[in-house]
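Shown next, in structure tokens, is the structure this report addresses.
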Amino acid sequence: MSNRITIFWLVAPGFMLFLFMVCFPIIMSAYYGTTNWTGIGAYEFVGLENYQKILFHDSVFWRSLLNALLLLAATLLIQHPIALLFSIFVMHAGKLEKWFRAIFFIPAVISIVVTSKMWVSVFHPNFGMLNKLLEGVGLSTWKQDWLGDSNIAIWCIIVVVMWQGFGYALLLYYAGLQGIPKDLYEAAELDGAGRVKLYTRVIIPLLSPMVRVAVVIAVTACLKQMETVFLMTNGGPANTTQFIGNYLYKTAFSSSLYGYGNAISVVFVIICLIITVAMNKAFKKDVGEF
Amino acid sequence: MEALAAKTNRQAKNGKKKDAASPALKAILHLVLWVVALLQIFPLIWLINYSFLKSGDFFGSGILKWPKTFEWNNYVNAFNYGSVPKFLLNSVFITTVTILVAAFLALMLGYAFTRMEWKLRGPAMAFIMLGMIVPIHATLLPNFILFDKLNLIDNPLSLILPYIAFSLPISLLIISGFLETIPKSIEESAVMDGCSVYGVIFRIIMPMTKPAIATVCIMNFISWWNEFIMANTFLTSETFKTLPFSIMKFTGQYSSNYGAQFAVMTIIALPTVIIYLLFTEQMSRGITAGAVKG
């Protein structure tokens, strides 16, 4: 009996806080999502109208999802292969191994406010570093208003996010490599074609559980992208760099469609849940050989 | 698996002779690593460099410039116009309370989930783990209304409470993972000697869990020290604003003072970089533990 009371006091504070700050808000969102509240004054219950609009008539919402997908494609096809390659390189860096690992991670610990501000000035049309660089190497015709062009801005955002997350991906693969039995590495002192084969045929296949983990993390991270966009373009120009997090924020606070913003919020949570559960189910089947 | 290892061992032995002539390859490898490493930290170098220049020196074609004289004045201006001392104190206060309470609550939860037998512990733990899936951004709108109703807008609690709540899943994961590696017999003998549960947790478990607690604190420090979106939403006046907002003060009146802006950015960036470099191992351990089990 006293055991029960102890358990209660151990669990209750954390659990209640979690319930109150994370779960309760989502329930509140689900409620406000069925209204047309603007944030002040009276409002009406509109049922599922907002949800219907999001799914069937809201091109910005779908653009936000598409952008998450673009970011994911770039992450998985460009960032992750390079990170994997570099995690192998770092392992062979000898004395500097730990230093390289640390340096690659630094962008991830610098405040997003700072990195975003900095990249905005890199892409600045007049005195940005990128345009200066292009001029310096004789490619003046390539100079752009990078973040102001609706075709280019999203790619700039993708580059920045990939740059920021590179060290994180590298660290995951590096940890995976550390988990592979050491005797395999005695064979893998970097050299020549024999080693390349060893990596492509033995080590990387052994790394597949970590690859799955990294993919799951990448999917949720791309879906949840907001801060960089918020600070660099706020979704513009013309919503071409919009992501769901930023979109719901903008809808509620700039466009004063508080009810509608909450509905987006709910759809957002549901999408995250479905995708995570589905991926865990799909990947769980063949884990356990490691 | 064993057959595989044996096979690669053979490959290794066959390959040994070829290995001798690799210094050239090693040099190339180091070169490539250095180039990309520089790309990664270039921004930091650039920030620090420009923070020592005069505002007029930014234009022109050079990317990095040796300052004619080091403009320490930029830092003085950053402190004054950017309200750095005030915002820094706010950040220190909010982050310290958050990481201490989060570690404390996660330790209690971890103990109850790994050491005690009760019916709902599986579902309860899974429920908290759901927090890793929930996007922070989805709680911004409802929490704004909630805090507004509770009169907590523009109050440090409006940040501390959600920060702690969102710290719990990953902190719990790391701490309970670590607890599982500690043998139970130590606590059992303590209980025999008449130690209460709280005594066991705070006198025996806590000292033994120090490495995991350190990891949790450092990870939480870095994420909440840099947190921006919630702070931007829930704080409306300057009284409790956190350090990232120092840079926002340079959007109006002082927006042409580039030197001070770069100094502010350097001031914001450096604490986390230094803490991270000091505790790299703990951070890496936390991230990989969180990733593998999550």
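Residues that are assigned to a helix (DSSP H, G or I) and open to solvent by 70 Å² or more (accessible area, probe 1.4 Å) were ranked within the stretch B:278-291; the one that is modelled with the lowest pLDDT is B:R285.
Taking the numbered list (1) in contact with a Phe, Trp or Tyr (Cβ under 8 Å, 6 or more places away or on another chain); (2) open to solvent by 10 Å² or more (accessible area, probe 1.4 Å); (3) touching a residue at least 24 places away in the same chain (Cβ under 8 Å); (4) not acidic (D, E) in turn, A:N67 passes all entries but (2). Over 17 Å from B:I268 (Cβ atoms), open to solvent by 10 Å² or more (accessible area, probe 1.4 Å) and in contact with a Lys or Arg (Cβ under 7 Å, 6 or more places away or on another chain), is that true of B:E117? No; evaluated as a whole, the condition is false for this residue.
All conditions in (1) small (G, A, S); (2) more than 8 Å from every other protein chain (Cβ to nearest Cβ); (3) under 18 Å from A:M28 (Cα atoms) hold for B:G122, with the sole exception of (3). If we scan the stretch B:197-217, do we find a residue that is surrounded by 18 or more Cβ atoms within 10 Å (Cβ to Cβ), modelled with pLDDT of 90 or more, in contact with a helix residue (DSSP H, G or I) (Cβ under 9 Å, 6 or more places away or on another chain) and not in a helix (DSSP H, G or I)? Yes, the conditions are met somewhere in the stretch B:197-217. Within the stretch A:215-238, being assigned to a helix (DSSP H, G or I), at the interface with chain B (Cβ under 9 Å from one of its Cβ atoms) and under 24 Å from A:I110 (Cβ atoms) holds for A:I217, A:T220, A:L223, A:E227, A:F230, A:L231. Selection of the stretch B:240-260 for residues being assigned to a helix (DSSP H, G or I) and either of a type in the set (S, T, Y) or free of Cβ contacts under 8 Å to residues at least 40 places away in the same chain (or both) yields B:S246, B:M248, B:Y258. Filtered by the rule that a residue be open to solvent by 20 Å² or more (accessible area, probe 1.4 Å) and assigned to a helix (DSSP H, G or I), the stretch B:175-187 gives B:F178, B:S185, B:I186. Picking from residues in the stretch B:24-54 that are surrounded by fewer than 20 Cβ atoms within 10 Å (Cβ to Cβ) and small (G, A, S), the one that is nearest to B:S256 (Cα to Cα) is B:A27. Would you check if there is a residue in the stretch A:144-153 being touching a residue at least 40 places away in the same chain (Cβ under 8 Å), within 28 Å of A:T200 (Cβ to Cβ) and open to solvent by less than 30 Å² (accessible area, probe 1.4 Å)? No, the stretch A:144-153 contains no residue that is touching a residue at least 40 places away in the same chain (Cβ under 8 Å), within 28 Å of A:T200 (Cβ to Cβ) and open to solvent by less than 30 Å² (accessible area, probe 1.4 Å). Close contacts from the stretch A:162-181, counting a first residue that is at the interface with another protein chain (Cβ under 10 Å from one of its Cβ atoms) and a second that is among the small types (G, A, S) and open to solvent by 30 Å² or more (accessible area, probe 1.4 Å), with Cβ to Cβ under 8 Å and a gap of 6+ residues or different chains, come to A:Q164/A:A108; A:G167/A:A108; A:Y168/A:A108. Among residues of the stretch B:127-155 that are within 29 Å of A:M279 (Cα to Cα), those with a Cβ under 8 angstrom from a residue that is basic (K, R) and assigned to a loop (DSSP other than H, G, I, E, B), sequence gap 6+ or separate chain, pair up as B:P135/A:K224; B:I136/A:K224; B:H137/A:K224.
So that you can scan it fast, the table gives a plain yes or no per residue for (1) buried (at least 16 other Cβ atoms within 10 Å of the Cβ); (2) within 30 Å of B:L278 (Cβ to Cβ); (3) among the acidic types (D, E):
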| position | (1), (2), (3) |
| --- | --- |
| A:S29 | yes, no, no |
| A:G33 | yes, no, no |
| A:N36 | yes, no, no |
| A:A42 | no, no, no |
| A:G47 | no, no, no |
| A:F86 | yes, yes, no |
| A:A93 | yes, yes, no |
| A:V109 | yes, yes, no |
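Yes or no: B:E188 more than 26 Å from B:L235 (Cα to Cα), facing chain A (nearest Cβ under 10 Å) and out of contact with any Lys or Arg (no Cβ under 8 Å at 6 or more places or on another chain)? Criteria not met by B:E188.
Being within 15 Å of A:V219 (Cβ to Cβ) and either part of a helix (DSSP H, G or I) or polar (S, T, N, Q) (or both) narrows it down to one residue among A:T276, A:T251, A:T241; which is it? Exactly one of A:T276, A:T251, A:T241 is within 15 Å of A:V219 (Cβ to Cβ) and either part of a helix (DSSP H, G or I) or polar (S, T, N, Q) (or both), namely A:T276. Of the residues making up the stretch B:133-144, those that are at the interface with chain A (Cβ under 7 Å from one of its Cβ atoms) and either of a type in the set (A, V, I, L, M) or over 18 Å from A:T220 (Cα atoms) (or both) are B:I133, B:V134, B:A138, B:L140, B:L141, B:P142, B:N143.
The values are calculated or read from the model by the stated rules, or taken from the named source; none is laboratory data. Given the structure is predicted, the values throughout are model-derived calculations rather than measurements. Cβ sites come from the backbone with ideal geometry, for glycine too, and all protein chains shown count toward neighbours. In case anyone asks, the SASA skips ligands and DNA or RNA and just uses the protein heavy atoms, side chains included. Shrake-Rupley method; radii C 1.70, N 1.55, O 1.52, S 1.80 Å.
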